[in-house]
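Before any comments, here is the structure.
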Amino acid sequence: MKVIIAEDQGMLRGALSALLDLEEDMEVIGQAENGEQALKLIVEREPDLCILDIEMPVLSGLDVAERLKTLGHPCRVVILTTFSRSGYFQRAMKAGVSGFLLKDSPIDELSAALRKVQAGGRAISPELSVSLWEAENPLTEREREVLRLVAEGLSAGEIARRLFLSGGTVRNYISEMMQKLEAKNRIDAISIAEKNGWLK
């Protein structure tokens, strides 16, 4: 099994590569420190599987997965993350990701998960609840747009002018969002949405 690892932390990337190279049926054929490098390596070297960190410079792991899907590339994608955000799970599912694993998983668990993915299965760290994988973003695109502007510090009046809406409509959107997110106030709503990756 030919593997490419993309991780912006050099020490973790090196350790992961060394440990996987010890597995008889795995060979790390490339390492990348950002998403752009990863995409280039995957296209050039045709690995069977790539391990992508979610949060990397230039392109995130999810950006790379989405581009591979658009290209129709056969490489299977496993996301390695410290983040259990449902918004990330949603994007990963849509991008056809085969695995979603935690960075602190033991190496034998990671190896077993990679073999399962290579065989056509799907691997999700047991610590990541299935409900997170399936959780839907409750906000509409317009509500997300309004909340992003709230997060930038704009007032309802400023948002109304920016989006060509009435002040009352913007206040209705904000009220609706806070209900959907069960937020105590606007700051709480922003925090909940960001934590779940729903503002992306």
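The values are calculated or read from the model by the stated rules, or taken from the named source; none is laboratory data. None of these values were measured; they are calculated from a predicted model. Here the Cβ positions follow ideal geometry from the backbone for every residue, glycine too, while neighbour counts run over all protein chains shown. Areas reflect the complete protein model, heavy atoms only, side chains present, ligands, DNA and RNA absent. Shrake-Rupley method; radii C 1.70, N 1.55, O 1.52, S 1.80 Å.
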As an exercise, use a Förster radius of 22 Å and the Cβ-Cβ distance of D21 and E55 to find the FRET efficiency, rounded to the nearest 0.05. 0.35
Once the convex hull of the C-alpha atoms of the chain is built, how many Å³ does it hold per residue, rounded to a whole number? 125 Å³
Projected-area mean, the stretch 158-200, by convex hull of Cα positions, square nanometres: 3.2 nm²
May I ask you to give the percent of accessible area on the stretch 1-147 that is carbon plus sulfur, with a probe radius of 1.4 Å? 51 percent
Taking the stretch 146-200, which GluC sites (Glu not before Pro) meet the DSSP loop condition and have no more than 15 other C-beta atoms within 10 Å? E152, E182
Lysine pairs in the chain with alpha-carbon atoms under 24 Å apart, 8 or more places apart or on different chains: how many are there? 23
Per residue, how much accessible surface does the stretch 92-200 expose to a 1.4 Å probe? Answer in Å², no decimals. 55 Å²
Please identify the trypsin sites (Lys or Arg not before Pro) of the stretch 20-88 that satisfy two criteria: DSSP loop assignment and at most 15 other Cβ atoms within 10 Å. Which are they? none
